[in-house]
Amino acid sequence: MLPLVLVSIYELIKLILDFAVKSNMTAAPFWIGIIVYFLFQVIFFKPMRTYVFGHELTHAVAGLLSGAQIKKIKVSKNGGSVTLTKDSVFISLAPYFVPFYSLIIIIIYLSLGWFTDTRPFYPYFLFLSGFALAFHFALTFYALTIGQEDLKTYGVFFSFIFICFINCIIISLILILIFPQYINISGYFHDVGADAFFTYKYIFAKISHLIKS
């Protein structure tokens, strides 16, 4: 699975760079939102209680979607927990690849589009989307560096690989929701598939050659 993750990251970087060039100043509020969040975290503090709240809610929602029942939710600045009637890879790892607040912002903005003209609010939507994505990835990275019990259930190495791969998919999907005019999502998945195919073909060819020799 590691080669697939590596090519997914590589193609995602290409996708983002291509998007940055094509969008010109249109996406400026999005990039400003990302920068503002990082400045906020560096100058002021890490909003951990807000992060933990979204983290535990994501566990809970993932559990409900998987047919589990919620028994208890606990949230504090130093951590939180959710007690569910069942567990799975999706439930345990969902908070690390589902940007909870970003999805809320996108859902609200797209829903409002059914009732009113949201074009005047598009720059604000871009700013909040960038801010929320930076918030999610900065604090998720921080949480992973200090160690998480969620990762130990299915193995730390597998969990990291799985989180990286799904994050690539989620980021590409979120970008197309925010910037449908600039993101070629089908091209991204096609390139990931092609790169992965040739990578695995190369690896198997090398293994086969080593075995025969």
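Restricting to the range 94-111, give me the number of residues that are over 18 Å from PHE53 (Cβ atoms) and touching a helix residue (DSSP H, G or I) at 6+ places or on another chain (Cβ under 8 Å).
Selection size over the range 94-111: 3.
Mind checking which pairs have a first residue in the range 169-198 that is in contact (Cβ under 8 Å) with a residue 12 or more places away in the chain and over 24 Å from ASN24 (Cα atoms) and a second that is in a helix (DSSP H, G or I) and small (Gly, Ala, Ser), Cβ under 7 Å, 6 or more apart or different chains?
If the second residue must be in a helix (DSSP H, G or I) and small (Gly, Ala, Ser), the pairs left are VAL192/SER8.
Starting from residues that are assigned to a helix (DSSP H, G or I) and of a type in the set (Val, Ile, Thr), keep the ones in the range 16-32 and report whichever is nearest to the chain's Cα centre (by Cα).
The selected residue is ILE16.
Regarding the range 63-82, can at least one residue be identified that is in a helix (DSSP H, G or I) and surrounded by 15 or more Cβ atoms within 10 Å (Cβ to Cβ)?
So far as the range 63-82 goes, yes, one or more of its residues are in a helix (DSSP H, G or I) and surrounded by 15 or more Cβ atoms within 10 Å (Cβ to Cβ).
Could you say whether any residue in the range 25-35 is under 23 Å from PHE90 (Cβ atoms), touching a residue at least 24 places away in the same chain (Cβ under 8 Å) and not small (Gly, Ala, Ser)?
Looking for residues that are under 23 Å from PHE90 (Cβ atoms), touching a residue at least 24 places away in the same chain (Cβ under 8 Å) and not small (Gly, Ala, Ser), one finds none in the range 25-35, hence no.
Looking at ILE169, ILE183 in this structure, which one is in a loop (DSSP other than H, G, I, E, B), hydrophobic (A, V, I, L, M, F, W, C) and within 21 Å of the chain's Cα centre (by Cα)?
The unique qualifying residue is ILE183.
Look through VAL61, VAL42, VAL21 and report the one residue that is out of contact with any Asp or Glu (no Cβ under 7 Å at 6 or more places or on another chain), closer than 22 Å to ILE104 by Cα and either among the aliphatic types (A, V, I, L, M) or modelled with pLDDT under 90 (or both).
VAL61
The values are calculated or read from the model by the stated rules, or taken from the named source; none is laboratory data. Every value quoted in this text rests on a predicted model; they were computed, and no experiment measured them. Glycine also receives a Cβ, built like all others from the backbone with ideal geometry; neighbour counts cover every protein chain displayed.
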